[in-house]
Every structure is written in C-alpha cells, then in structure tokens.
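Scroll down for the structure; my scribbles are underneath it.
The values are calculated or read from the model by the stated rules, or taken from the named source; none is laboratory data. From a predicted model like this one, the values you see are computed outputs, not experimental measurements. Positions of Cβ are backbone-derived with ideal geometry, glycine not excepted, and every protein chain shown enters the neighbour counts. Ligands, DNA and RNA are excluded from the accessible area calculation, which covers all protein heavy atoms including side chains. Shrake-Rupley method; radii C 1.70, N 1.55, O 1.52, S 1.80 Å.
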Amino acid sequence: MTQPFIDFIAQSPSAFHASAAVAERLQAAGFTRSISLDDGAHAPGGHLIERDGAVVAWWVPEKARPRFRVVGSHTDSPGLMAKPDPDVVREGFRQAAVEVYGGPILASWFDRDLMFAGRVVTADRTEHLVNTGPVARVPNLAIHLYRGEMPEIDRQVHTQPILGVDRPLLELAAKSAGLNAEDIVAHELITADAQRGEVLGDLLAAGRLDNLTSVWASLEAMLAAKDDAEDILVLAAFNHEEVGSASTAGAGGPLLERVLAKVAAGFGDPAEIIANSIQVSADAAHAVHPNYPGKHDPTHHPLVNKGPVLKINANQRYASNAATETEWILACRAAGVPHQTFVGNNAVPCGSTIGPISATRLGLPTVDVGVPLLSMHSARELCGVDDMDYFVRALTAFYAVAQ
C-alpha cells in the first residue's frame with residue numbers, strides 16, 4: 001500500500017486538494033456527490049458532500065441497521081499561509097508575506113523547496129485548485145553571519161519565503177490554474193514541502209503525514225468494508241483541526257451533525273441513533289523518540305511498525321473511554337493487527353484532536369487512535385511502513401464488525 005499512499009500525499013498538498021482527492025476516488029467507486037442534503041440521503045448506496053476542504057461520505061447498506069460507524073480525521077496540516085496581499089519586495093527579492101498556520105516546527109521549513117497550494121476564487125465565484133509546484137524557499141542565515149547559537153526565529157520577520165527576483169506569488173498561482181493574476185478575487189494558499197514521499201527501508205518520510213495517514217486509511221477502509229457492512233459507514237475528514245476546528249468545515253461546525261441527523265431521520269429518532277453509534281477519531285500519534293525517551297510516560301512507549309496507537313487522557317484531551325477503547329481493541333483483534341497505547345507524561349502538555357470536539361457536539365461515543373509518528377508538525381514527518389497497512393486493516397475491521 002505504500003506507493004498508493006505516497007501518490008495520495010502528492011495529490012494532497014492542501015486541505016482542498018485532499019478533500020477533492022477523496023471525493024474523486026469515492027465517485028469513481030460509485031458514490032454520489034450531493035450539493036446539499038436531501039430526502040435521498042438515507043437511500044442505499046454511497047453518498048458524499050464536499051465543502052471548504054472537508055468531505056463527509058457515507059455508505060448505507062441495503063438492509064442497514066440504524067447505527068453509524070464513523071471515522072473522523074482532518075485534511076489540514078501546519079504550514080505558512082499566504083496573507084491577502086502577499087507580494088513583498090525586499091532587498092531585491094520577491095517574497096510572499098505569510099502567516100503561520102497552526103503549530104509547525106518552524107526550523108524545519110527553512111531551506112526546503114516549497115510550493116504554494118490551495119484554492120483561488122474568481123469574480124464568477126468559481127473555485128480553482130492551485131498547486132504552483134516548487135517555487136519558494138525560506139533561506140537560513142549563513143553561519144558566518146552569527147557565529148554561535150542560532151538566532152531565535154522571529155515568526156513575522158524570518159519566515160517569509162523568497163520567490164526569486166521578479167515572480168509575484170499570485171502570478172504563479174494564477175498560471176498554475178490557467179488564469180491571470182487579475183482574475184483572482186480571493187485565495188487560500190499554504191506552503192507544502194515539494195519533495196515527494198520516500199521509503200527509507202521500513203520507514204516512510206513525507207510531508208503532511210499528520211493527518212493524511214488517517215484520511216487515506218479511512219478512505220481505503222471504507223471502500224474495503226462497504227460491501228460487508230451492516231451499520232451505516234461514515235467517513236468525515238474535516239478542515240481546520242490544526243487551528244482549533246472552530247469553522248463551518250471543522251469538527252466544531254455543523255457539517256457532520258447535519259449529515260448524521262438527515263440520514264438517521266430515515267431510520268428513526270436521530271438523537272437515539274447517534275447515541276447508539278460509535279466514532280473513531282483518527283489522528284497521528286506520538287512514537288517514542290529514541291533521542292528524547294524521557295518526554296514519554298515510562299510505561300507507555302508506542303513504537304513504529306508495532307501497530308496503531310490507542311490514545312488515552314484522563315483530562316479528556318482525547319475522547320477514549322473504557323467502552324470505546326474495548327471496541328477498538330476488539331477491531332484490532334478481528335483484523336489480526338497489533339495495537340499500542342499512548343498516555344502522556346504528566347510533566348509534558350498533551351495535545352488534542354477532533355475527538356473531544358465532535359463527541360461533545362454530537363453526543364457520539366468516541367475513541368482516539370492513530371499511526372505513531374516522529375517529527376510531528378515538521379515539514380517532513382516519519383512513520384512506519386507496516387503501520388499504514390495495520391491501520392487500514394484495523395479501520396476496515398471497525399467498519400465491518402458485526403454485533
């Protein structure tokens with residue numbers, strides 16, 4: 001599965017590309033795209049809705065049981081987002097004025113070949129996907145000019161990429177979409193590492209593994225499980241997780257709730273059906289770093305290529321509880337897949353996911369899981385090749401389990 005996954009990463013330099021790639025694959029498999037939810041949402045077969053870098057797809061079996069099995073993930077990754085007026089000239093260089101999006105490891109974005117990707121909107125309100133290819137670079141300061149400890153990165157001053165001597169960003173973006181720069185009314189463009197994913201023995205190095213590992217695995221699992229499913233299967237890949245999920249396309253927005261309520265209405269009381277359903281919140285997990293093992297809990301050490309990670313936090317930074325944890329462990333057993341557990345070190349702050357957000361909004365029992373990574377939020381992250389196979393198999397079993 002490694003090369004198809006690398007291809008998917010290459011297709012998905014932005015959240016908008018990722019959601020489009022998922023929608024395209026599902027449509028090729030016979031899913032019907034909806035512009036808006038209608039009374040046919042509960043009809044047998046595959047359905048999808050794509051909006052603002054998010055995609056929700058659902059499969060209704062011929063004799064569906066009134067219960068959802070949801071896998072939620074997110075399409076966005078940290079990076080440098082172009083500001084509304086991005087064209088800057090400084091010391092003879094064209095630069096792109098950018099705003100830091102999410103929590104990237106900023107040093108990892110220096111001295112890499114970068115592309116800008118996302119969407120632009122023209123005056124006729126048409127959206128166009130944009131991928132400039134490698135056009136930019138954030139250069140480091142030569143060591144001879146500071147002699148000693150590297151200066152602290154100033155997020156405003158030091159992160160602005162250079163594009164060359166006379167290549168404005170919006171001209172490059174317009175050209176990649178077959179437009180003229182003056183055609184663009186508004187844009188959402190973010191940097192992405194232009195280097196293709198590479199297999200390093202039994203490891204995979206690539207950009208955006210957080211969280212394309214989960215988006216792709218849930219897509220593969222849904223397609224593999226749909227013909228044997230008894231429950232209604234749902235794939236929900238949200239935008240804006242890296243900045244808090246508080247948007248119409250984020251897990252804190254109404255998109256998934258509207259889909260579940262509309263579909264459930266064809267089978268009974270939506271609130272009761274949702275409460276009797278279950279969600280896997282699929283997001284990248286932390287593998288133990290061999291150079292910093294003290295940052296991890298001493299009794300919980302997730303390793304690469306040892307299976308997907310069940311994430312637990314007593315303070316509800318993850319939504320897992322004993323009942324939902326059991327469902328995940330049983331799915332792993334059914335798939336013949338090893339599993340691991342992550343619990344944070346008490347002295348190290350714990351991140352969070354879409355899990356607590358969507359669980360709280362929907363009243364949907366949820367378990368948090370993910371593929372273990374190193375270098376999370378770097379421009380280029382690292383995971384185990386075997387873990388991607390394990391994750392697809394475990395999610396397939398979760399979707400297809402019969403109770």
At R0 = 30 Å, FRET efficiency that the Cβ-Cβ distance of A186 and A29 yields, to 0.05: 0.35
Overall Cα dimensions of region 216-285, principal axis frame, Å, largest first: 35, 27, 16
Portion, in percent, of the accessible area of region 60-171 that falls on carbon or sulfur, probe 1.4 Å: 52
For G351, net neighbour charge (Lys/Arg +1, Asp/Glu -1) across residues whose Cβ lies under 11 Å away: -3
Cα lying deepest toward the dipole's positive end in the chain, options Q156, Y318, G252, charges on Cβ: Y318
Region 169-193-region 216-281 distance, computed between alpha-carbon centres (Å): 32
Selected from A335, V348, V392, residue furthest toward positive end of dipole (region 304-403; charges at beta carbon): V348
P(r), alpha carbons of region 93-194 - 5 Å bins starting at zero, rounded %: 2, 12, 22, 22, 17, 12, 6, 3, 2, 1, 0
Per-residue HN-Hα couplings for region 277-292 [Karplus 6.51, -1.76, 1.60; θ = phi - 60°; Hz; x = Gly/Pro]: 9, 8, 10, 9, 8, 9, 8, 4, 10, 8, 6, 5, 7, x, 8, 9
Cut-off 19 Å, label 7 Å out along Cα→Cβ of N276, residues of region 306-333 by amide N: 323-324, 327
Of L106, V56, T132, farthest towards positive along the dipole that unit charges on Lys, Arg, Asp, Glu beta carbons give region 34-143: V56
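Using a 1.4 angstrom probe on heavy atoms only, work out the carbon and sulfur share of the accessible area of region 231-376 in %. Don't jump to the answer; show the numbers that get you there.
Working: 3180 of 5880 Å².
Exposed carbon and sulfur together represent 54 percent of the surface.
Nothing charged except the Cβ atoms of Lys and Arg (+1) and of Asp and Glu (-1): what's the magnitude of the dipole of region 177-260 about its Cα centre? Round to the nearest 20 debye. Write down the numbers at each step before the final one.
Working: 4 positive and 15 negative charges, 25 e Å.
With only Lys, Arg, Asp and Glu charged at Cβ, the dipole is about 120 debye.
Treating the beta-carbon of each Lys and Arg as +1 and of each Asp and Glu as -1, no other charges, what is the dipole magnitude of region 1-141 about its Cα centre, to the nearest 20 debye? Working shown, then result.
On the way: 14 positive and 16 negative charges, 85 e Å.
The dipole magnitude comes to about 400 debye.
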Dipole magnitude of the chain, debye to nearest 20 (Cβ charges: Lys/Arg +1, Asp/Glu -1, about Cα centre): 340
Cut-off under 5 Å, modelled amide H: who pairs with V98 long-range: K83
1.4 Å probe accessible area per residue over region 328-370, in Å²: 41
With all protein chains modelled, accessible area of K306 [1.4 Å, Å²]: 110
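With a 1.4 Å probe and all protein chains left in place, how much accessible area per residue does region 106-178 have, in Å²?
On the way: 4250 Å² over 73 residues.
Result: 58 Å² per residue.
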Average accessible area per residue (Å²) across region 233-315 - probe 1.4 Å, nucleic acids and ligands excluded: 40
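E257 to H144: FRET efficiency via 1/(1 + (r/R0)^6), r the Cβ-Cβ distance, R0 51 Å, to the nearest 0.05? The partial results should precede the final answer.
Values: r = 57 Å, r/R0 = 1.11.
After rounding to 0.05, the efficiency reads 0.35.
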